[in-house]
Amino acid sequence: MKTKIYKIGLMGFMGLMGLMGVTGCSDFLEIEPQNEIILEKFWNEKADVDAVIAGCYSNMQDDGVIKRMMVWGEFRSDNVGPGSNVTSDGSLEKVLLENIDAKNTYTDWKDFYSVINRCNTVIKYAPGVAATDPAYTESELKANIAEMVALRSICYFYLIRAFRDVPFSREPFTDDDQTMDLPATKFDNVLDSLIIDLEGVEGSAIKRYPETKEMYQTGRITQDAIRAILCELYLWKKDYQNCIRYADMVIDSKKVIAEENRQKRSSSVRDDDSKTRFNGYPLVSNTTSVNYYGDAYEILFGEDRRNVDQMNQEIIFQLVFDDRPNANSMKANGAVNSFYGNSNATVGLVAPSTYILDDIAKTSGRTVFADQNKKLDARMYINCNTEEESINKYTTSTIDIRVSGTDPEPSWGSLYTQDQNGSNWILYRLTDIMLLKAEALVQMAREGTDAETSAYNKGLFDTAFSLVNAINKRSLCESKLVDTLNRASYPGKVEMEDLVLAERQRELMFEGKRWFDLVRHSQRKGNTEKLISLTMMKHHTGATGEGMIANHLKKMDAIYWPYNLDEMKVNVNLVQNPAFGSGENDSYEKTTKK
């Protein structure tokens with residue numbers, strides 16, 4: 001990092017302008033062509049701030065960030081197994097085998113700290129611009145700072161969920177004389193800091209972008225996005241009342257958008273069935289037409305995501321990509337293209353685990369998908385291409401599920417062309433928040449069997465079940481109102497807790513959530529029993545080291561990642577995760593052979 005130099009991603013700025021459909025970026029931002037700008041010469045006008053903010057979003061879209069969101073949040077879980085040519089990525093192969101050491105490429109966190117540093121730089125220097133540029137208003141300044149605090153918080157939240165304790169700073173590093181080898185801050189302290197920061201800026205964030213900036217509503221930070229982050233932060237903090245409070249704010253906001261959408265539609269268009277089928281929650285319909293399903297997938301993940309009204313009804317915050325990156329000066333989703341598959345490699349580097357595929361193939365006794373008799377859950381086909389045994393979510397823009405015979409007949413569209421995957425990467429959507437609320441409600445249950453306690457718990461469990469059931473019913477390939485979940489089957493806290501965790505797996509599969517869900521459960525219980533029992537489902541194949549994997553994961557430390565070896569060399573204040581020894585050798589071999 002050169003003294004007094006700050007690097008700006010100009011392509012990131014162009015990409016964000018392309019998202020708005022604006023051309024002629026040079027008319028908006030005229031700066032010298034170099035990619036390095038001296039600080040004192042740069043922070044003079046609003047356009048300078050806009051350029052760096054665009055660079056922050058662009059940096060978030062980089063493969064180095066998205067790939068780690070996927071690997072850290074999903075790939076160690078029971079959902080994911082090896083795909084085609086996985087041996088070409090030795091670090092990924094070791095992750096899937098739970099054989100992680102500090103030399104593993106995916107322990108590298110520099111791209112997240114790059115975003116954090118950009119955000120810190122805007123927060124520090126933007127007020128000075130507002131003081132000198134009359135075109136840059138106080139409300140715009142506060143909204144921009146709210147955005148940067150939110151993006152910074154997202155990055156730190158990923159880091160602490162993956163590594164537990166991490167270096168934490170709100171100061172930008174722009175000078176070689178600054179101390180950069182910070183010790184790690186404890187998980188709980190970082191978590192509390194993120195909550196304080198976000199609550200301090202929530203009221204300043206943009207509530208709703210104008211319709212002329214249609215993709216900004218979900219592609220940039222809004223007040224709903226900040227509330228969604230706070231909802232999840234409070235769940236990890238075990239402050240369930242505040243988790244529910246912020247979840248309700250998001251849900252109520254989406255209900256308003258859904259009602260606005262309903263009023264826009266003509267009477268000839270089939271109304272949504274959120275008030276009946278979805279228990280009053282504003283979920284988009286899964287029905288394409290009579291006997292055809294898959295509409296929810298296409299609106300949230302596929303080609304109909306350009307139906308912005310419907311998409312805004314559920315999506316809260318996503319990183320926006322384009323399937324024509326060169327033509328539109330935007331980025332394609334390279335991480336999904338590589339990991340999940342493309343037109344040249346139907347099966348990506350990873351695939352659904354054999355455990356998931358075997359569960360889908362069953363006609364009864366499933367443990368993942370709740371329907372015991374018929375293959376009614378559309379998510380079996382939305383998540384996986386059962387014919388190719390590949391990951392479908394994010395790799396194709398269309399899916400139709402026909403239900404006119406005994407079993408549904410899925411039809412998947414063509415995979416995105418190699419290097420032209422246009423799938424937006426969703427960080428928060430409504431069903432995620434609904435299930436976080438359901439989890440919080442279950443955790444609020446009291447101990448005891450007296451009448452007052454039982455009545456109190458029943459109210460919590462009834463509401464939690466209503467949330468889960470609404471999401472489950474949306475997935476059903478049935479024209480009639482059908483409940484495949486039976487409230488009586490979940491009488492107590494343990495059963496309801498398992499139900500919520502299972503529904504999150506079905507609904508959010510391959511979205512970078514599953515491993516973090518299992519880590520959160522382990523944190524709350526103080527042990528890894530559930531994590532081991534579920535994760536080992538994909539390792540129960542007689543693979544070498546199976547017993548050592550389970551033994552390794554008994555350590556709470558082992559569910560987090562080791563610090564990268566190169567990072568340890570330059571930062572003498574970092575103390576390696578004890579589950580990985582020195583971190584230089586294969587993880588479970590190092591820690592079990594004593």
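Data for the structure
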{"read-out": "Stokes-Einstein diffusion coefficient of the chain, Kirkwood radius over Cα pairs, 10 °C, 1.306 mPa s, in µm²/s", "value": "64 µm²/s"}
{"read-out": "Label-point gap, in nm, between Val494 and Lys530 - each point 7 angstrom along Cα→Cβ", "value": "1.2 nm"}
{"read-out": "Peptide ranges 523-535, 241-253 listed from the most packed, as the mean C-beta count within 10 angstrom indicates", "value": "241-253, 523-535"}
{"read-out": "All Cα pairs of segment 71-177, percent lying beyond 19 Å", "value": "58 percent"}
{"read-out": "Spacing of the two label points (7 Å from each Cα toward its C-beta) at Asp63 and Glu199, in nm", "value": "4.1 nm"}
{"read-out": "Distance violations [Cα-Cα > 24 Å] among Lys186/Lys554; Lys103/Lys554; Lys375/Lys480; Lys207/Lys331; Lys437/Lys554", "value": "Lys207/Lys331; Lys437/Lys554"}
{"read-out": "Over the chain: helical MRE at 222 nm, DSSP H runs n ≥ 4 each giving -39500 (n - 2.57), nearest 500", "value": "-14500 deg cm²/dmol"}
{"read-out": "Sorted peptide list for 435-448, 133-146, criterion being average Cβ within 10 angstrom, highest first", "value": "435-448, 133-146"}
{"read-out": "Efficiency of FRET from Cβ geometry, Lys554 and Glu388, R₀ 35 Å, rounded to 0.05", "value": "0.45"}
{"read-out": "Separation of the Lys186 and Glu93 label points, Cα + 7 Å toward Cβ, nm", "value": "4.1 nm"}
{"read-out": "Nonlocal amide H pairs with Leu427, under 5 Å, H built at 1.01 Å", "value": "Phe317, Gln318, Leu319"}
{"read-out": "Amide proton proximity set for Gly280, modelled H, under 5 Å, gap of 5+", "value": "Lys275"}
{"read-out": "FRET efficiency estimate (nearest 0.05) - Cβ-Cβ, Ala455 to Asn573, R0 51 angstrom", "value": "0.45"}
{"read-out": "Kyte-Doolittle at least -1.0, axis length at least 27 Å by Cα - qualifying DSSP helices, the chain", "value": "110-132, 138-163, 240-264, 451-474"}
{"read-out": "Theoretical gain in end-to-end length, Arg487 to Phe173 [0.36 nm per residue, Cα-Cα removed]", "value": "107.7 nm"}
{"read-out": "Stretchable slack from Asn326 to Ser84, in nm (0.36 nm times residue separation minus alpha-carbon distance)", "value": "84.4 nm"}
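Taken together, the values in this text are just the output of simple stated rules run on the coordinates, not laboratory data. Since we're looking at a predicted model, the values are computed, not measured. Please note: Cβ atoms are built from the backbone with ideal geometry, for glycine as well, and neighbour counts cover all protein chains shown.
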